[in-house]
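**Student:** Here's a structure for you.
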Amino acid sequence: MTASDARTRVWLVGASGMLGSVLAERLNELDVNLATTDRELDIGEREQVLRFAAEFAPELIVNAAAHTRVDDAEREEAEAFRVNAEGPLHLAEAARKASARFLHFSTDYVFAGDADVPYVEGAPTGPIGAYGRSKLAGEQRVLEHFPAGSTIVRTSWLFGPNGNNFVKTMVRLLREREELRVVADQSGRPTYTRDLARASLALAGVAEPAREAGVYHFANSEATTWYGLTVAIHEECLARGLALKATRIVPVRTDEFPRPARRPAYSVLDTSKVEAALAAAPRSFRAALNSYLDEELLGAGFV
Ligand SMILES: NC(=O)c1ccc[n+]([C@@H]2O[C@H](COP(=O)([O-])OP(=O)(O)OC[C@H]3O[C@@H](n4cnc5c(N)ncnc54)[C@H](OP(=O)(O)O)[C@@H]3O)[C@@H](O)[C@H]2O)c1
């Protein structure tokens, strides 16, 4: 960084997470003046956040940090709130003080999952677990504190490089097991982190005019189930000549896999608002899955 550096000053928080790592790549492509932090700067600690922002003087703060362990959150709800509710509040406060824009991420888990039409941004929330409650509280604190400068992007079922995700796990299991039993009574829209990063940074105004502040939904298009996604992964791996052991993929009900946290049954986000704002529709999850398999998973020595 030099005194004459006129590039946009962006502070990316949570830069080594699954989404954070691709946001960092995209921000570097867009040639911003980027500062990144991760665990070493605890967003639950207000003073640390305010001090860093005062020193770096960002024009945009991007928050990809979160307590994302959905099952653990049930027994560590206070910690989930500290990171997912207090953390974003501190960052929104820092953004407001610096007259910066704030880009924050949230989740389909803020909804109860009992709808039968896709969730629009204004649909009633009603989280059914601790993680969803903490993320909803984060949204509310951000919107109370800095509504004019905050963009919150809710997303769902992420996959991408640099982290464990459902696609990666299924490719491994398809190679190890003859039979896979996969939940077929939860629906959602899988989302490639690279597509999400591109759209979110556009909304927040990096290298183009910022769109209106507020809440947006972003997910790749077409809803499916975990079972449907697994069938797609299986077909695409076979099409790429990957040696698989699995010959049977069996659809099962959620109650076959008891977990500490309940999952929403219907997590389908409506993305009309972001489509209108960006004048572009998210590509299908199948097209995004193909990119991920070709560019990252199979290309990176996974085979
Ligand atoms: N993954 C999904 O399917 C999904 C779906 C919908 C929405 N989202 C949302 O998308 C965003 C990104 O999720 P992700 O899957 O990329 O998460 P992730 O891979 O778990 O990354 C989160 C990052 O935040 C860091 N972190 C945790 N607590 C912190 C703290 N107190 N201070 C600073 N950093 C901290 C983590 O560090 P450690 O690794 O050291 O813990 C990690 O690097 C989150 O807002 C999440 O709620 C995710």
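**Student:** If I go through region 109-135 residue by residue, how many of them are in a helix (DSSP H, G or I), small (Gly, Ala, Ser) and more than 10 Å from the ligand (Cβ to nearest atom)? Reasoning before the result, please.
**Tutor:** Let us first name the residues in region 109-135 that are in a helix (DSSP H, G or I), namely 109-110, 130-135.
If we keep only those that are small (Gly, Ala, Ser) as well, we get 130, 132, 134.
Next cut, more than 10 Å from the ligand (Cβ to nearest atom) only: 130.
Counting residues in region 109-135 that are in a helix (DSSP H, G or I), small (Gly, Ala, Ser) and more than 10 Å from the ligand (Cβ to nearest atom) gives 1.
**Student:** Return the only residue of Arg253, Arg283, Arg262, Arg240 being touching a residue at least 24 places away in the same chain (Cβ under 8 Å) and closer than 21 Å to Asn164 by Cα.
**Tutor:** Values: Arg253 fails: closer than 21 Å to Asn164 by Cα; Arg283 fails: closer than 21 Å to Asn164 by Cα; Arg240 fails: closer than 21 Å to Asn164 by Cα.
One residue alone meets the criteria, Arg262.
**Student:** Still on this structure, please answer the following. Return the residues of region 102-143 that are among the polar types (S, T, N, Q) and in contact (Cβ under 8 Å) with a residue 60 or more places away in the chain; say none if nothing qualifies.
**Tutor:** So in region 102-143, the residues among the polar types (S, T, N, Q) come out as 106-107, 125, 134, 140.
Result: Ser106, Ser134.
**Student:** Among Ala35, Ala24, which is the only one that is touching a helix residue (DSSP H, G or I) at 6+ places or on another chain (Cβ under 7 Å), free of Cβ contacts under 8 Å to residues at least 60 places away in the same chain and of a type in the set (Gly, Ala, Ser)? Please lay out each step first, then the result.
**Tutor:** Working: Ala24 fails: touching a helix residue (DSSP H, G or I) at 6+ places or on another chain (Cβ under 7 Å).
Answer to the selection: Ala35.
**Student:** Filter the strands (runs of 3 or more DSSP E) completely within region 150-256 down to those with at least 2 residues that are within 22 Å of Leu297 (Cβ to Cβ).
**Tutor:** Values: elements: 150-155, 179-183, 214-217, 248-252.
Where strands (runs of 3 or more DSSP E) fall fully within region 150-256 and carry at least 2 residues being within 22 Å of Leu297 (Cβ to Cβ), they are 179-183.
**Student:** List the residue pairs whose Cβ atoms are under 6 Å apart, where the first residue sits in region 58-87 and is among the β-branched types (Val, Ile, Thr), the second is outside any helix (DSSP H, G or I) and near the ligand (Cβ under 7 Å from one of its atoms), and the two are 6 or more positions apart or on different chains.
**Tutor:** Short answer, once both residue conditions are applied: Val83/Gly44; Val83/His67.
**Student:** Return a yes/no flag: does region 276-288 have any residue that is over 28 Å from Arg133 (Cβ atoms), of a type in the set (Lys, Arg), modelled with pLDDT of 95 or more and surrounded by 15 or more Cβ atoms within 10 Å (Cβ to Cβ).
**Tutor:** yes
**Student:** Follow-up question, since we're still on this one. Determine whether region 161-175 contains at least one residue that is at pLDDT 95 or above, under 20 Å from Ala261 (Cα atoms) and either surrounded by 23 or more Cβ atoms within 10 Å (Cβ to Cβ) or touching a Gly at 6+ places or on another chain (Cβ under 7 Å) (or both).
**Tutor:** Among the residues of region 161-175, not one is at pLDDT 95 or above, under 20 Å from Ala261 (Cα atoms) and either surrounded by 23 or more Cβ atoms within 10 Å (Cβ to Cβ) or touching a Gly at 6+ places or on another chain (Cβ under 7 Å) (or both), which makes the answer no.
**Student:** Restricting region 51-77 to residues that are over 16 Å from Ser134 (Cα atoms) and surrounded by fewer than 16 Cβ atoms within 10 Å (Cβ to Cβ), which is nearest to the ligand (Cβ to nearest atom)? Before you say what the answer is, go through the steps one by one.
**Tutor:** Of region 51-77, the ones over 16 Å from Ser134 (Cα atoms) are 51-62.
Pick out the ones that are also surrounded by fewer than 16 Cβ atoms within 10 Å (Cβ to Cβ) and you get 51, 54-55, 57.
Details: Arg51: 14, Ala54: 18, Glu55: 17, Ala57: 20 Å.
Top of the filtered list is Arg51.
**Student:** Of these, Asn220, Asn165, which one is within 16 Å of the ligand (Cβ to nearest atom), closer than 19 Å to Ala66 by Cβ and touching a residue at least 24 places away in the same chain (Cβ under 8 Å)?
**Tutor:** Details: Asn220 fails: closer than 19 Å to Ala66 by Cβ.
Of Asn220, Asn165, the one residue that is within 16 Å of the ligand (Cβ to nearest atom), closer than 19 Å to Ala66 by Cβ and touching a residue at least 24 places away in the same chain (Cβ under 8 Å) is Asn165.
**Student:** Hey, among Ala24, Ala3, Ala57, which residue is among the hydrophobic types (A, V, I, L, M, F, W, C), farther than 28 Å from Trp157 by Cβ and at pLDDT 95 or above?
**Tutor:** Testing whether each residue is among the hydrophobic types (A, V, I, L, M, F, W, C), farther than 28 Å from Trp157 by Cβ and at pLDDT 95 or above leaves just Ala57.
**Student:** Okay, next question. Looking at region 117-129, is at least one residue among the aromatic types (Phe, Trp, Tyr) and either farther than 25 Å from Ser221 by Cβ or in contact with a Pro (Cβ under 6 Å, 6 or more places away or on another chain) (or both)? I'd like the intermediate steps shown before the answer.
**Tutor:** Let us first name the residues in region 117-129 that are among the aromatic types (Phe, Trp, Tyr), namely 119.
From what's left, either farther than 25 Å from Ser221 by Cβ or in contact with a Pro (Cβ under 6 Å, 6 or more places away or on another chain) (or both): none.
Checking region 117-129: not a single residue is among the aromatic types (Phe, Trp, Tyr) and either farther than 25 Å from Ser221 by Cβ or in contact with a Pro (Cβ under 6 Å, 6 or more places away or on another chain) (or both).
**Student:** Pull up region 78-108, narrow it to residues that are basic (Lys, Arg) and under 19 Å from Ala213 (Cβ atoms), then point me to the one that is nearest to the ligand (Cβ to nearest atom).
**Tutor:** First, the residues of region 78-108 that are basic (Lys, Arg): 82, 96-97, 101.
The next check asks that each one be under 19 Å from Ala213 (Cβ atoms); those that pass are 96-97, 101.
On the way: Arg96: 19, Lys97: 19, Arg101: 17 Å.
Residue satisfying both the conditions and the ranking: Arg101.
**Student:** Still on this structure, please answer the following. Pull up region 136-160, narrow it to residues that are among the small types (Gly, Ala, Ser) and buried (at least 17 other Cβ atoms within 10 Å of the Cβ), then point me to the one that is nearest to the ligand (Cβ to nearest atom). Walk me through how you get there before you give the answer.
**Tutor:** From region 136-160, those among the small types (Gly, Ala, Ser) are 137-138, 148-150, 156, 160; that's our starting set.
When the remaining residues are screened for being buried (at least 17 other Cβ atoms within 10 Å of the Cβ), the result is 137-138, 149-150, 156, 160.
Details: Ala137: 12, Gly138: 8, Gly149: 18, Ser150: 14, Ser156: 5, Gly160: 8 Å.
Checked region 136-160; the qualifying residue nearest to the ligand (Cβ to nearest atom) is Ser156.
The values are calculated or read from the model by the stated rules, or taken from the named source; none is laboratory data. What you see is a predicted model, and the numbers here were worked out from it, not measured in a lab. A quick note on method: Cβ atoms are made from the backbone with ideal geometry, for glycine too, and the neighbour counts reach across all protein chains shown.
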